[in-house]
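I have placed the structure first, in the form of structure tokens, so that the comments after it can refer back to it.
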Amino acid sequence: MTYEIYSSGPAETNSILFYIETSPLALLFDAPLGCVRHWEKRLAKLGKSLGALFLTHSHWDHTADVAKAKKVWGMPVGIHKEDLENLEKPGSDGLPMMFSIEPAFADFFVADGEEKTIGGITLKVLHSPGHTPGCVCYYLPQFALLISGDTLFKGTIGNLSFPTARPQFMKDSLKKVLSLPPETLVIPGHGEMTTIGKEQDIIRRFYG
Ligand SMILES: [Zn+2]
Ligand SMILES: [Zn+2]
């Protein structure tokens, strides 16, 4: 079982690839600008193709390469339904974009508590509204790892001032995420990795 992280685009957004040696399919989480070119080379070298692309939310810095990924790999794309509109109509969330983005489409929705297994990798969906209405985190128990998107970062939480943010839900979302085992590794949408244990005081720090 292996994962690789690649940061790209103007916001240095993380895209994360997961695979197990015995499966021809890998999973990708988020598709920032420039990531397809990188993963295309890596997957060719590994002799694998993409089984699915899972999005943590619809902000442009996480979705700029979704349409391109679809053309290259044709894999299904999953997102929470409350963030669908901004994927189909980039910029409809009111967040200013630094460049234009090709509209993309989802093939399936991810919903809270749902479990999926693709390419021998099982993930559990944790809906974590706050930063956007359809923010999700993906928990991969085999890897003892959480993809936290822009919900939880090393030492901080996602921005709650954007036009479609839902600040009133963030505290409960953080509680849900922090209930995972403390040793769980966290790969955020930006910046360095952390663990659930190291971020246990984050609610107190932001909510008193
Ligand atoms: Zn975001
Ligand atoms: Zn982001």
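What fraction of the Cα pairs in the chain, stated in percent, has a spacing above 26 angstrom?
27 percent
Could you provide, to the nearest whole Å², the per residue accessible area of the chain with probe 1.4 Å?
Each residue of the chain exposes 42 Å² on average to a 1.4 Å probe.
Hey, what number do you get for the chain at 222 nm if only DSSP H runs of n ≥ 4 count, each worth -39500 (n - 2.57), divided across all residues, to the nearest 500?
-6000 deg cm²/dmol
Any idea what the relative contact order of the range 75-193 is, in percent, if you count C-alpha pairs under 8 Å spaced at least 6 apart?
Computed value for the range 75-193: 22 percent relative contact order.
How big is the gap, in Å, between the Cα center of the range 15-32 and the Cα center of the range 190-208?
A separation of 26 Å, based on Cα centres.
For the pair Gln200/Thr22, report the inter-label distance in nm, with labels modelled 7 Å from Cα in the Cβ direction.
3.6 nm
For Tyr207, project a label point 7 Å along Cα to C-beta. Then give me every residue of the range 177-195 with its amide nitrogen under 15 Å of that point.
Inside the label zone: 177-180.
Here is the link list: Lys48/Lys175; Lys71/Lys116; Lys41/Lys154; Lys81/Lys124; Lys41/Lys71; Lys71/Lys171. Which ones come out longer than 27 Å on Cα distance?
Over 27 Å Cα-Cα: Lys48/Lys175; Lys41/Lys154; Lys71/Lys171.
At 0.36 nm per residue, and after removing the present C-alpha to C-alpha distance, how many nm does the segment from Glu88 to Glu192 gain when stretched out fully? Could you put the intermediate results ahead of the total?
On the way: separation 104, 0.36 × 104 = 37.44 nm, distance 2.95 nm.
Additional length available on full extension: 34.5 nm.
With the full set of protein chains in place, find how many percent of the accessible area of the range 157-208 is carbon and sulfur; take the probe as 1.4 Å.
Percent of accessible area from carbon and sulfur atoms in the range 157-208: 56.
Which distance in nm do the two modelled labels at Lys176 and Thr156 give, with both placed 7 Å along the Cα-to-Cβ direction?
Calculated label separation equals 2.4 nm.
The values are calculated or read from the model by the stated rules, or taken from the named source; none is laboratory data. A quick note: this is a predicted structure, and the numbers were derived from the prediction, not measured. Methodologically, a virtual Cβ is constructed for each residue, glycine included, from the backbone with ideal geometry; neighbour enumeration extends over all protein chains shown. Note: areas computed on protein heavy atoms with side chains; ligands, DNA, RNA excluded. Shrake-Rupley method; radii C 1.70, N 1.55, O 1.52, S 1.80 Å.
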